[in-house]
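Colleague: Mind having a look at this structure? Questions to follow.
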Amino acid sequence: MEKVSKKELVANVAKTSGKTQVEVSTILEALIATIKEQVSKGNEVDIYNFINFKIVTQKAKTGKIPGTDKVYTTTEKSVVKAVLSKSFKNSVE
């Protein structure tokens with residue numbers, strides 16, 4: 001299994017779509033920026049049959065540092081959760 005870089009992804013999309021790599025890269029950057037903007041406003045972003053981004057609240061936790069018996073507590077915080085769609089998951093099995 002190989003890792004596909006952003007540059008390779010842009011090149012593949014450009015080849016498939018007939019657009020230039022610069023155009024595809026600009027669109028990808030705009031998509032990422034828009035998703036970040038919407039999620040930071042608290043909006044859920046759903047790209048149908050692909051992925052869903054939303055903010056969830058992570059509860060405060062108490063933990064223990066192994067080997068030291070020191071106990072620590074984290075605070076409640078908001079985190080971004082990304083969930084792949086069922087159809088996307090099934091397409092790669």
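The values are calculated or read from the model by the stated rules, or taken from the named source; none is laboratory data. Computed from a predicted model, the values in this text were never measured in an experiment. A quick note on method: Cβ atoms are made from the backbone with ideal geometry, for glycine too, and the neighbour counts reach across all protein chains shown. Please note that ligands, DNA and RNA were not included when accessible areas were found on the heavy atoms of the full protein model with its side chains. Shrake-Rupley method; radii C 1.70, N 1.55, O 1.52, S 1.80 Å.
Colleague: In region 7-89, which strands (runs of 3 or more DSSP E) lie fully inside it and hold 1 or more residues that are exposed (fewer than 12 other Cβ atoms within 10 Å of the Cβ)?
Modeller: 51-58, 62-64, 71-73, 77-84
Colleague: Among the residues of region 23-43, are any within 26 Å of GLU93 (Cα to Cα) and of a type outside the set (A, V, I, L, M)?
Modeller: No, every residue in region 23-43 fails to be within 26 Å of GLU93 (Cα to Cα) and of a type outside the set (A, V, I, L, M).
Colleague: Further question on the same structure: Being of a type outside the set (Gly, Ala, Ser), open to solvent by 100 Å² or more (accessible area, probe 1.4 Å) and within 26 Å of MET1 (Cβ to Cβ) is the requirement here; does VAL92 meet it?
Modeller: Yes; evaluated as a whole, the condition is true for this residue.
Colleague: Which condition from (1) free of Cβ contacts under 8 Å to residues at least 12 places away in the same chain; (2) on the phi < 0 side of the Ramachandran plot; (3) not hydroxyl-bearing (Ser, Thr, Tyr) is the one that LYS77 breaks?
Modeller: LYS77 satisfies all of (1) free of Cβ contacts under 8 Å to residues at least 12 places away in the same chain; (2) on the phi < 0 side of the Ramachandran plot; (3) not hydroxyl-bearing (Ser, Thr, Tyr) except (1).
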